[in-house]
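Heads up, the thing below is written out as structure tokens.
The values are calculated or read from the model by the stated rules, or taken from the named source; none is laboratory data. These figures come from a predicted structure and were not determined experimentally. In this analysis, Cβ positions are derived from the backbone assuming ideal geometry, glycine residues included, and neighbour counts consider all displayed protein chains.
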Amino acid sequence: FNELGWTSLGALSKADRESIMRELFAPGVGGNFTICRMPIGANDFSRDWYSYDETPGDFELAHFSIANDEQTLIPFIKQAQQYNPRLALWASPWSPPTWMKYNHHYAAAAVLPEYRKVFPTLAENGLAVDKQGKEGHNLFIQEDKYFEAYALYFSKFIEAYKQRGIAVGMVMPQNEFNSAQVFPSCPWTATGLARFVGYLGPPMQQRGVDVFFGTMERANEALVDTVLRDSRSGQYIKGVGFQWAGKGAIAGIHRRYPQLALYQSEQECGDGKNDWKYCTYTWDLMKYYLGSGANAYLYWNISLKKGGISRWGWSQNSLVTVDEATKTYQFNHEYYLLKHLSHYVQPGAHRLATSGGFANLLAFQNPDKSVVVVAQNEGDTDRTVQLKIGTRTVAPVLKTNSFNTLLLK
């Protein structure tokens, strides 16, 4: 859930919004989604920068408020809950309040001329070059009173949402903690995060909220080792979230920490074109993550206006595209691909190992013992494949350039 998702849906009629949300979240209807991510404050697809307390030096957080979210995230989530009251939610910040950072700014990277060559529509953020953060350094102020205030910030967030009937079951301390970005961001070292988790863990534990490490966007397993082996943080970490280049670390972490829950926390977001080529790339990502130990697979943008442009001036893909001019919408290719799995694969399912000459597939066994097989034919002609599941053999014809789901009961 993000703000631009909700504002894009706001261009549609109430009936269309409800139809979309029913398709995505109602059990047994469409996407059948059971877990979602949300931000703690502003993010790359929020309307603009904000935090829940921008009063400098307010260590007691007397001015904490989620009033901004009452306009966007809360009604967005509540509408999803109407169709699936058991929807699981987890949250992470993109940036702490600016007064908790050394540069006193929401961003960690200035908008440089070379960036505009890649993203011509990139919006200015007002950050001076000498105030930038960088990978391998902490932009969050490394003092006890700031750690204590930030842990309190998380606690107040959990409590404020709980008062509105929204339970957040897990948090990660920082989105993409290695990356200095032009949008809300905050680089940390793994040691800095380990120190903070020592403050965050106890109040989250008291509230029944799990803490995962992440989100990890680097292929560096040592970053995870640092936090898991640190006496201040290791006892509180129940899982790890991986995204983007972090996919290079998930398989190794799964091998060495098989008991640890692992999430693919954000699918790579595309370029706003929502084309078939990126959908097939998404399938490769799904096979890799789910084949490497991921327990959940998350997609960032539920809905965006046509073009998918963020507040900070670049485009991403979304499950739904809204045409504001005509007040119409469409589900995109990637939604239907996710639906091939999410409609049939139940929470608690186990991925099944596969072997043989045809490898372009994923297979799962559900808690009710049914088996789900999702297969792609990337070729230019129809293809018959023979699949043996236990004592049963099936031979479906996979249409050219298609994705296919088989449910065997």
Residues of segment 76-90 classified as over 26 Å from residue 11 (Cα atoms) and crowded, with 22+ Cβ neighbours inside 10 Å, total: 1
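Quick check on residue 340: is it within 30 Å of residue 45 (Cα to Cα) and touching a residue at least 60 places away in the same chain (Cβ under 8 Å)?
Taking the combined requirement at face value, the residue satisfies it.
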Pairs with Cβ under 9 Å, 6+ apart, first in segment 23-51 and within 21 Å of residue 241 (Cβ to Cβ), second assigned to a loop (DSSP other than H, G, I, E, B) and of a type in the set (Lys, Arg): 34/86; 42/311; 44/311; 45/311; 46/311
Determine whether segment 154-163 contains at least one residue that is part of a loop (DSSP other than H, G, I, E, B) and over 20 Å from residue 238 (Cα atoms). no
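In this structure, does residue 49 turn out to be in contact with an Asp or Glu (Cβ under 8 Å, 6 or more places away or on another chain), within 18 Å of residue 310 (Cβ to Cβ) and of a type outside the set (S, T, N, Q)? Spell out the reasoning first.
Values: in contact with an Asp or Glu (Cβ under 8 Å, 6 or more places away or on another chain): no; within 18 Å of residue 310 (Cβ to Cβ): yes; of a type outside the set (S, T, N, Q): yes.
Answer is no for this residue.
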When residue 308 is run through (1) touching a Lys or Arg at 6+ places or on another chain (Cβ under 9 Å); (2) under 30 Å from residue 7 (Cα atoms); (3) touching a residue at least 40 places away in the same chain (Cβ under 8 Å), the failure sits at (3)
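Restricting to strands (runs of 3 or more DSSP E) lying wholly in segment 331-409: which have 3 or more residues that are over 28 Å from the mean Cα position of the chain (by Cα)? Walk me through how you get there before you give the answer.
Numbers: elements: 361-365, 371-377, 387-389, 392-394, 402-408.
Per the criteria, 387-389, 392-394.
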Can you tell me which residue among 208, 165, 136, 169 is in the same structural domain as residue 113 (by TED's automatic domain parsing) and touching a strand residue (DSSP E or B) at 6+ places or on another chain (Cβ under 7 Å)? 169
Within segment 172-199, residues being surrounded by 20 or more Cβ atoms within 10 Å (Cβ to Cβ) and either at pLDDT below 95 or farther than 17 Å from residue 101 by Cβ (or both) number 4
Residue 317 versus (1) touching a strand residue (DSSP E or B) at 6+ places or on another chain (Cβ under 7 Å); (2) assigned to a loop (DSSP other than H, G, I, E, B): which is the lone unmet condition? (1)
Could you list, in sequence order, the residues of segment 123-136 that are surrounded by 13 or more Cβ atoms within 10 Å (Cβ to Cβ) and assigned to a loop (DSSP other than H, G, I, E, B)? 123, 125, 127, 132, 133, 135
Select from segment 239-278 the residues that are more than 14 Å from residue 217 (Cβ to Cβ), out of contact with any Gly (no Cβ under 9 Å at 6 or more places or on another chain) and hydrophobic (A, V, I, L, M, F, W, C) and list them in ascending order. 276
All conditions in (1) in contact with a Ser or Thr (Cβ under 8 Å, 6 or more places away or on another chain); (2) over 22 Å from residue 267 (Cβ atoms); (3) charged (D, E, K, R) are true of residue 176 except (2)
I need the helices (runs of 4 or more DSSP H) fully contained in segment 1-115, keeping only those with at least 3 residues that are polar (S, T, N, Q). 73-83
Given 387, 398, 338, which one is among the aliphatic types (A, V, I, L, M), surrounded by 18 or more Cβ atoms within 10 Å (Cβ to Cβ) and closer than 20 Å to residue 266 by Cβ? 338
The one condition residue 408 fails out of (1) closer than 26 Å to residue 296 by Cβ; (2) exposed (fewer than 15 other Cβ atoms within 10 Å of the Cβ) is (2)
When restricted to 212, 154, the only residue crowded, with 21+ Cβ neighbours inside 10 Å, touching a residue at least 60 places away in the same chain (Cβ under 8 Å), farther than 30 Å from residue 126 by Cβ and of a type in the set (Phe, Trp, Tyr) is 212
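Residues to consider are 270, 252, 241; find the one that is assigned to a helix (DSSP H, G or I), in the same structural domain as residue 224 (by TED's automatic domain parsing) and at pLDDT 95 or above. Reasoning before the result, please.
Numbers: 270 fails: assigned to a helix (DSSP H, G or I); 241 fails: assigned to a helix (DSSP H, G or I).
Just a single option satisfies the conditions, and that option is 252.
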